[in-house]
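For reference, the structure discussed in these notes is given below.
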Amino acid sequence: MPIRVGADVFAVPRLPRALVGIMVACSTLLVVSCGSLEPSARAVPPDGRDVVLVDLGNPGEVATWTTVNDPVMGGRSTSAITFGNGGLVFSGVLSLENNGGFASARSPRDPDVGQRATGATSLRVRAVGDGKTYVLKAGDAGQPWSYIQRFTTEAGVQRTYDLPVAGFQPVGMRFDPAPDAPPTLDPSRIDQVSVYILDKQQGPFEITISGIDATV
């Protein structure tokens, strides 16, 4: 095949088809092996992965949860736990009578939760709420304090509420200050999770929680 360079014409020998095929194959292999030469085309490693801490889509798991409400302190709030719509349904009526004003749904204590949560950067609540604000509480194994973080739900909408580990605050048994507690939650020490409603949000409430995960 002739090639013109300026005023001169040079004859280039035709390469055998077999040799051309080998060259093309080698070029393709080189691109696949080394990737694109553009730095922006490199694959970005994932930021993290979700680990299931509590699978509330399982009726057997839901049956192990219990409620603790303000009547233990003289209040009149009521609540119940049922399985429905693919998750744990926590519902009831919050009353402010007799200095009451809280209701809670609590998992059994299980140190395996902390083992699964080791290294977590956030906890995630998968839920359909009612527009009210709820509290996720993480128990610290063997300690009188716990860690809490609030999340405000969107009524009737299935959402995942991402709660950064750094955003959890230590509290005592009655949500009072816990000065002796480490300031930051250690996910590996979580042995219980609970969901509370309080903050003087009197009246009916309902939230359906399908699971609680950790991002590690």
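The values are calculated or read from the model by the stated rules, or taken from the named source; none is laboratory data. What you see is a predicted model; the values in this text were computed from it and never measured. Please note: Cβ atoms are built from the backbone with ideal geometry, for glycine as well, and neighbour counts cover all protein chains shown.
Report whether or not R14 is modelled with pLDDT under 95, of a type in the set (K, R) and either within 31 Å of the chain's Cα centre (by Cα) or in a loop (DSSP other than H, G, I, E, B) (or both). Yes. Within region 90-118, the set of residues being hydroxyl-bearing (S, T, Y) and outside any loop (DSSP other than H, G, I, E, B) comprises S91, S104. Evaluated against (1) closer than 13 Å to T208 by Cβ; (2) touching a Ser or Thr at 6+ places or on another chain (Cβ under 6 Å), V62 falls short on exactly one condition, (2).
Pairing residues of region 54-80 that are without any contact (Cβ under 8 Å) to a residue 24 or more places away in the chain with residues that are surrounded by 14 or more Cβ atoms within 10 Å (Cβ to Cβ) and of a type in the set (S, T, Y), at Cβ distances under 7 Å and at least 6 apart in sequence or on separate chains, gives A80/T67; A80/S91.
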